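Colleague: So that we are looking at the same thing, I have put the structure below in structure tokens.
The values are calculated or read from the model by the stated rules, or taken from the named source; none is laboratory data. Please read all numbers here as calculations on a predicted model, not as lab measurements. Neighbour counts run over all protein chains shown; Cβ positions are idealised from the backbone, glycine included.
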Amino acid sequence: MADEALDAESVVRPGADELERAAEAALRPRHLDEFVGQKVVREQLSLVLEAAVGRGRAPDHVLLSGPPGLGKTTLAMIIAAELGTSLRVTSGPAIQHAGDLAAILSSLEEGEVLFLDEIHRLARPAEELLYVAMEDFRVDVVVGKGAGASAIPLALPPFTVVGATTRAGLLPAPLRDRFGFTGHLDFYADDELEKVLLRSAGLLGVPLAHEAAAEIASRSRGTPRIANRLLRRVRDWAQVRGDGTLSLAAARSALEVYEVDRLGLDRLDRAVLTALCTRFGGGPVGLTTLAVAVGEEPETVETVAEPFLVREGLIGRTPRGRVATADAWAHLGLDAPAPSGTLFG
Ligand SMILES: Nc1ncnc2c1ncn2[C@@H]1O[C@H](COP(=O)(O)OP(=O)(O)O)[C@@H](O)[C@H]1O
Ligand SMILES: [Mg+2]
């Protein structure tokens, strides 16, 4: 039930909350060779890890960057598993004070992996503490208060930081430089998502037809998290309205109920696109005006709907405002106005 409430917003957003993470845990690949796609990162990472294992040393610190839902947390877990060590998990926002990080660092055991999610949100003092820990394997523990306070250097055993960020550009250069290896995750191709889906269906024990997997994949916005979520929705539909099998027809019916269209657009995405085309003649129109037309905050339109619409080449951002592309008109089944030459200027 709670799962439904969570998805009531939209089933195609890339973020996940606590409940969804629990559902995801069962579907996470545990080893690098089960991790679908991202061939380049996978190969580079396997070299880093194998070499470290061969030398019997902790590998370089690893930075994973990329949009939400593409497998950063999964890879962090895989790294620890491949190294045969344990993973300590924390995140930038969870660390309020430098002291919190000092406490975590000083409790690390040799060879452990420390996963720092959303590392770009680490507070400044904690960040500085982290530089030293990553480079010199040392943390300065402050004892006492005020004028009498002093810092006692504490040596740390070798360990590996795995940092994850959706915003690599926000990381200060000195922090970025302390990672010996950076892997950038990109959106998945449809055939890769199909593999993710078939693997997940196997783990969930549900019969997923190949054509259904292809259909779900094509509406999943290049994102495994969304693919797995749509799979669960299709499974629900098949169980309640169908005969339990995840056929192409079941997939289409379920995705219609959840208002996920052929390209993976949801209701808000389509509302933005429709307003842009039908009320503003395809633009250019300012963000605020467009947001008012769909009854949303400008920030919601900009951060929730626009990134994917832009990525899909359905809308463009110009200095004079948002414009609909020919593909947008086509997707809505509307006739685009005759090109005037100034429209996309
Ligand atoms: N390459 C992959 N192969 C199989 N499943 C994947 C892959 N990448 C992500 N997933 C699945 O997608 C979900 C989200 O992945 P996650 O690692 O939490 O993403 P991120 O941390 O980048 O937001 C998880 O259930 C995970 O199992
Ligand atoms: Mg994550």
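Per-residue answers, yes or no, for (1) more than 18 Å from the chain's Cα centre (by Cα); (2) assigned by TED's automatic domain parsing to the domain that holds Pro68:
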{"residue": "Thr165", "(1), (2)": "no, yes"}
{"residue": "Gly169", "(1), (2)": "no, yes"}
{"residue": "Arg178", "(1), (2)": "yes, yes"}
{"residue": "Leu197", "(1), (2)": "no, no"}
{"residue": "Gly202", "(1), (2)": "yes, no"}
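Colleague: Here's another thing I want to ask about it. With Arg13, Arg57 as the choices, which residue is more than 20 Å from the chain's Cα centre (by Cα), more than 13 Å from ligand 2 (Cβ to nearest atom) and touching a residue at least 60 places away in the same chain (Cβ under 8 Å)?
Modeller: Step by step, each of Arg13, Arg57 is checked, and only Arg57 is more than 20 Å from the chain's Cα centre (by Cα), more than 13 Å from ligand 2 (Cβ to nearest atom) and touching a residue at least 60 places away in the same chain (Cβ under 8 Å).
Colleague: Tell me which residues, restricted to segment 272-291, are surrounded by 18 or more Cβ atoms within 10 Å (Cβ to Cβ) and outside any loop (DSSP other than H, G, I, E, B).
Modeller: Val272, Leu273, Ala275, Leu276, Cys277, Val285, Leu290, Ala291, listed by residue number.
Colleague: Among the residues of segment 223-248, what is the count of those that are more than 16 Å from ligand 2 (Cβ to nearest atom) and either touching a residue at least 40 places away in the same chain (Cβ under 8 Å) or not in a loop (DSSP other than H, G, I, E, B) (or both)?
Modeller: Of the residues in segment 223-248, 13 are more than 16 Å from ligand 2 (Cβ to nearest atom) and either touching a residue at least 40 places away in the same chain (Cβ under 8 Å) or not in a loop (DSSP other than H, G, I, E, B) (or both).
Colleague: If only one of Arg88, Arg55 is in contact with a strand residue (DSSP E or B) (Cβ under 8 Å, 6 or more places away or on another chain) and either farther than 19 Å from Arg21 by Cβ or not assigned by TED's automatic domain parsing to the domain that holds Asn228 (or both), which one is it?
Modeller: Arg88
Colleague: Name the single residue that is nearest to the chain's Cα centre (by Cα) among those in segment 243-270 being surrounded by fewer than 18 Cβ atoms within 10 Å (Cβ to Cβ) and of a type in the set (Gly, Ala, Ser).
Modeller: My answer is Ser253.
Colleague: Also: What is the one condition in (1) crowded, with 16+ Cβ neighbours inside 10 Å; (2) over 18 Å from Val260 (Cα atoms); (3) at pLDDT 95 or above that Ala326 does not satisfy?
Modeller: Just one mismatch for Ala326, condition (1).
Colleague: Collect the residues in segment 154-169 that are more than 13 Å from ligand 1 (Cβ to nearest atom) and modelled with pLDDT of 90 or more, keeping them in residue-number order.
Modeller: Leu154, Ala155, Leu156, Pro157, Pro158, Phe159, Thr160, Val161
Colleague: Got at least one residue in segment 52-63 being part of a helix (DSSP H, G or I), buried (at least 19 other Cβ atoms within 10 Å of the Cβ) and among the basic types (Lys, Arg)?
Modeller: No, segment 52-63 contains no residue that is part of a helix (DSSP H, G or I), buried (at least 19 other Cβ atoms within 10 Å of the Cβ) and among the basic types (Lys, Arg).
Colleague: Output the number of residues of segment 70-84 satisfying the condition of being within 6 Å of ligand 1 (Cβ to nearest atom) and farther than 15 Å from Leu185 by Cα.
Modeller: Final tally of qualifying residues: 0.
Colleague: The conditions are (1) outside any loop (DSSP other than H, G, I, E, B); (2) hydrophobic (A, V, I, L, M, F, W, C); (3) at pLDDT 90 or above; (4) within 16 Å of ligand 2 (Cβ to nearest atom), and Leu19 fails exactly one of them. Which is it?
Modeller: Result: Leu19 fails condition (3) only.
Colleague: Which condition does Thr182 not pass, out of (1) under 18 Å from Ala58 (Cβ atoms); (2) more than 16 Å from ligand 1 (Cβ to nearest atom), if it passes all the others?
Modeller: Thr182 satisfies every listed condition except (2).
Colleague: Taking the criterion of being touching a strand residue (DSSP E or B) at 6+ places or on another chain (Cβ under 7 Å), more than 16 Å from ligand 2 (Cβ to nearest atom) and under 25 Å from Pro153 (Cβ atoms), would at least one residue in segment 60-82 satisfy it?
Modeller: yes
Colleague: Please tell me if Val89 is β-branched (Val, Ile, Thr), within 12 Å of ligand 2 (Cβ to nearest atom) and within 21 Å of Ile104 (Cβ to Cβ).
Modeller: Answer is yes for this residue.
Colleague: It is to be established whether one or more residues within segment 246-259 are touching a Gly at 6+ places or on another chain (Cβ under 8 Å) and not small (Gly, Ala, Ser).
Modeller: no
Colleague: Determine which member of the set Val62, Val48 is touching a Leu at 6+ places or on another chain (Cβ under 8 Å) and of a type outside the set (Lys, Arg).
Modeller: Checking each option against the conditions leaves just Val62.
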